[in-house]
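No value in this document is a laboratory result; all are computed from the given coordinates. Nothing here was measured: the structure is a model prediction, and the numbers come from that model. Ideal geometry is used to build each Cβ from the backbone, glycine not excepted, and the neighbour counts take in all protein chains shown.
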Amino acid sequence: MKQSSYTIHGRRNRWRENSLEGADENVSKKFDWYVIKKFGPYVGRYKGWTLVSVALMLLYTVLNLANPFLIGVAIDQFIGHNDLRGLAITGIVLIIVNVLMWQAQYWQVWSMSWAGQQILYNLSSDMFTHLQSLSLSFYDRTQIGRVMSRLQSDIDVLESMLSSGLLSMLGSLVSLVGIIIAMLAMNITLALLSFTVLPIMFVIAAFWQRFAQRSFRRTRAAISVVNATLQENISGMRVIQSLAREERNRDEFDELNAYNRDTNLEASRIAALILPLVEVVAAMAIAITVLYGGVLVSQGSLKVGVLVAFTLYINRFFDPIREISQQYSQLQRAGVAAERIFQILETPVEIKDKPGAEQLPQIHGEVEFRDVTFGYNRDLPVLRDFNLHMKAGQTVAIVGPTGAGKSTIAGLLARFYDIQQGAVLVDGHDVRDVTQHSLRSQIGVVLQEPFLFTGTIRDNIRYGRLEAADEEVAEAARAVGVHDLITQLPEGYDTLIRERGRNLSVGQRQLISFARALLADPRILILDEATANIDTFTELLVQQALKRLLHGRTALVIAHRLSTIKGADSIVVLQGGRIVEQGTHAELLQRNGIYASLYAMGFRHT
C-alpha cells in the first residue's frame, strides 16, 4: 500500500531533526579557516616531512615550466638555423629535466602520503580516545551509526585529500603563478590579452563554490544517517524478523537511501559543471593568443618559437586551473568531513575528574546516597531526595516498576552520570572528588545483556585484569561454574567468540561475564537485571555462581527474579524516584504493601 505523503514527510522531518545535518548546517560557512586552524597542530608534528614534500613539489613545478621554454629555444635557435648539435643538446636537456621531474614527483607523493597517514593515525587515535572519555549521556542521545560514519567514511575522505589532493592543489597554484611570470617575461602584451578571460573564470568559481559547499555538506549528513540506519537495523535484526518488519523497514531505508543518492547526484552534477566551463574559457584564451600572436608573427615582431612556447604555456596555464577545479571538489568534501570530525573532538566531556582529584584508596565497600536528586533532563528528575545506606559486604536488592529509577542508581554509583543535588559516597569519599579510574576499577558491573568482545573466551574473562595468569582465569571460571562448559568446547578457553558472543548461549555468556567480574575482584558489585534472560535450566548454575560472586562484596542487585532477590540482606522498593518500602523479603511480605502486591501479581514468576 502506498503510504500517505504525511507519513513520508513526517518520517523525513524526524530524520532531519535527529540527523547530524542540522548540526552541520549550523557550522560557520567559513569552515575552511576553522578546519585549517584545527589541522595546524596535527600537521605541525610532521612539518619536516611536509616541508620536504613542498620543496619537491616546487622543484617539480619549476622543471615542468622549463619544457615549453626549451621547445621555444629549440625552434628559434636551432631548428631555424639548422643547428643539429644544439638541437641534440636541447633534446638531452629535455630528457634530463623530465627524469628529474619524475623523481621529484615520486618522492613528493611518497613523503606527503607518509605524513598524511601519520596525521590520520593521530586524528583517529584522538577521536577514539575522546569517544571513550565522553559520558554515557552522549551515547544516550547519539546514534552509533552516525559516530561510525565520522570514524570511517569521513576519515576516508580526509585520507584522499591528505595523500594527494591538498599538495597537488598547492602545486597547481604554484605552477599557475610560475606560468604567469613566464608569459609576462616573454611578451607582456600577449600575456595581458590572454588574461582578459580570467574575470569570467573568477565569477564562475565564486558561484560554483557557494553551491558546492552546501551540496557537499548535505551529502556527508545523508551518508551518516544511512550508516546509522544500517547499524540499527543489523543490530535489531532478531526483533525485525520476529515482527515481520522487513518490508516496512526496507521502504523506510529506501527513502533515506534515495535521499542519499539524490544528494550525491546533486553534488556530482555541481562538481561536473565546473570542468566544461573551464575548458570553454581555456579555448577562448588559446583562440585569442593564436589570432593575435599569428598577426605578430606575420609582421615579424614575434618569433615562431615564442608563439609556440606561449601557446604551450597557455595550455599549461589552464591545466592547473582544471586540476584546481577538480581538486576543489575533493577539498570541499574533505573540508566538510574534517569539520564534522572536529565537531566530535570538540564535544565537551561532561563527566571528568575535577582538578586535584584524589586516587580512591582500597575500599571496604560502604555506599551512601545522601539527598540525591537526578534527572537525565534536569527539569524531569528521576530520583528526588533519594537516601540509601549500604554497609560494606551487604547485598541490597532494588525492585520497582519500570521507570522507577533502578538502573539510574547503578549508573550514579559508578559515576556514569553526575547528580544535580546531594552526594554519592563510597567509604565516605564523594565520587566526584576521586578519579573515575580509581573508582570504577573497584566496582564491577554485570548487565542484563552481557557484552562479550571479539576474541577468545580467555581474553574476555581477563578483560578487566590483563595481567591475570591462565590458572587464575580457570579458577574464576570454576568458581562460577562455567569451567566445565568451556572445556567441553572444541577449543576450550581459546574458543573464538563471534560478535557480541553470538555463538554462545545466553546462559554461557552470562556465566562468562560473572567470571570476568570475579577475576577483576571488585569491592562493589552491581548486577543490573543480570539474571533476567536466564532460562530455568541454567538458573541453578547462575544462582550458585551468584553466591560465590557476591560473597564478601557489597552488592547492588537490580532484578525481577525472586530467587535473586529474596536472599538479599535488604530489599528496597522504589517508586517515583523515592524509597517507599525497605526490609527483608519476609518483612516486606508481612507488611502487605507494594512489595507484597508485586509478589502476588506474579513477581515470583518473573
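Scanning residues 5 or more positions from Ile351 or on other chains, those with amide H under 5 Å from its amide H are Ser135, with H placed 1.01 Å from N in the peptide plane.
Computed across the stretch 28-345, the Kirkwood radius stands at 23.0 Å (inverse of mean 1/r, all Cα pairs).
Between Leu540 and Glu491, the simple spin-label model (points 7 angstrom out along Cα→Cβ) gives 3.1 nm. If you model the stretch 282-437 as an ellipsoid using its alpha carbon gyration tensor, with each semi-axis the square root of five times an eigenvalue, the axes come out at 78, 17, 11 Å, biggest first. The amide H of Thr395, built 1.01 Å from its N in the peptide plane, has Ala555, Asp569, Ser570 as neighbours under 5 Å, considering only residues 5 or more places off or on other chains. Spatially close Lys pairs in the stretch 28-345, defined by Cα atoms under 27 Å apart and a spacing of eight or more places or different chains, total 6. For the stretch 87-93, 3J(HN,Hα) computed residue by residue from phi via the Karplus equation (6.51, -1.76, 1.60; θ = phi - 60°) reads 5, 5, 4, 4, x, 5, 4 Hz, glycine and proline entered as x. Look at the dipole of the chain built from charges on Cβ: of Ile144, Val304, Ile79, the Cα furthest out on the positive end belongs to Val304. Scanning the chain for chymotrypsin sites (Phe, Trp or Tyr not before Pro) in DSSP loops with at most 15 other Cβ atoms within 10 Å, what's the longest stretch left with none? Counting at most 15 other Cβ atoms within 10 Å as exposed, the longest clean stretch of the chain is 1-375. Given a Förster distance of 41 Å, report the FRET efficiency between Asp353 and Arg578 from their Cβ-Cβ distance, rounded to the nearest 0.05. The formula returns an efficiency of 0.85 here.
I'd like the per residue volume of the convex hull spanned by the Cα atoms of the stretch 447-521, given in cubic angstrom.
77
For the stretch 168-312, the extents of the C-alpha atoms along the principal axes are 88, 24, 23 Å, listed from largest to smallest.
Using 1/(1 + (r/R0)^6) with R0 = 30 angstrom and r between the beta carbons of Leu296 and His81, what's the FRET efficiency to the nearest 0.05? Efficiency, from the Cβ-Cβ distance: 0.90.
In order along the stretch 449-465, the phi-based Karplus estimate (6.51 cos²θ - 1.76 cosθ + 1.60, θ = phi - 60°) of 3J(HN,Hα) comes to 9, x, 9, 10, 8, 4, x, 8, 4, 4, 4, 5, 5, 9, 4, x, 8 Hz; Gly and Pro are listed as x. Taking amide H as placed 1.01 Å from N in the peptide plane, Gln421 has its amide H under 5 Å from the amide H of Thr373, each at least 5 places away in sequence or on another chain. Between Glu587 and Ala55, full extension at 0.36 nm per residue minus the direct alpha carbon distance yields a gain of 183.2 nm. Exposed loop positions in the chain were taken to be trypsin sites (Lys or Arg not before Pro) whose DSSP state is not H, G, I, E or B and which have at most 11 other beta-carbon atoms within 10 angstrom. Between these positions, the longest stretch is 31-377.
Which translational diffusion coefficient, to the nearest whole µm²/s, is obtained for the stretch 384-498 from the Stokes-Einstein equation, given a Kirkwood hydrodynamic radius over C-alpha pairs, 20 °C and 1.002 mPa s?
Here the translational diffusion coefficient equals 125 µm²/s.
The mean sequence separation of alpha-carbon pairs under 8 Å and at least six residues apart, normalised by the residue count of the chain, gives a relative contact order of 14 percent. With contributions of -39500 (n - 2.57) from each DSSP H run of at least four residues, the per-residue ellipticity at 222 nm computed over the chain stands at -20500 deg cm²/dmol. For the stretch 110-220, taking Cα atoms only, Rg and Dmax work out to 21.3, 68 Å respectively.
Against the longest alpha carbon principal axis of the chain, how many degrees, from 0 to 90 and to the nearest 10, is the axis of helix 198-235 turned? Its long axis makes an angle of about 30 degrees. According to the Kirkwood relation over distinct C-alpha pairs, the hydrodynamic radius of the stretch 33-147 is 18.3 Å. Note on Arg248 and Trp102: the model spin-label points, each 7 Å out from Cα along the C-beta direction, lie 6.4 nm apart.
The value of relative contact order for the stretch 447-521, using C-alpha pairs under 8 Å at least six residues apart, is 52 percent. For the stretch 287-292, 3J(HN,Hα) computed residue by residue from phi via the Karplus equation (6.51, -1.76, 1.60; θ = phi - 60°) reads 4, 4, 5, 5, 5, 6 Hz, glycine and proline entered as x. Going by neighbour counts of Cβ atoms within 10 Å, the residues His81, His389 line up, fewest first, as His81, His389. Give the cross-link partners of Lys352 among the aspartates and glutamates, using a straight C-alpha distance below 15 Å as the criterion and excluding same-chain residues fewer than 8 apart. Hits, sequence-local ones excluded: Asp418, Asp430, Asp433. Put a dot 7 Å past the Cα of Ser268, heading toward its Cβ, do the same for Phe202, and the two dots end up 3.4 nm apart. The average projected area of the stretch 80-119, computed from the convex hull of its Cα atoms over all directions, is 3.1 nm².
Estimated translational diffusion coefficient (Stokes-Einstein, Kirkwood radius over Cα pairs, 20 °C, 1.002 mPa s) of the chain: 71 µm² per second.
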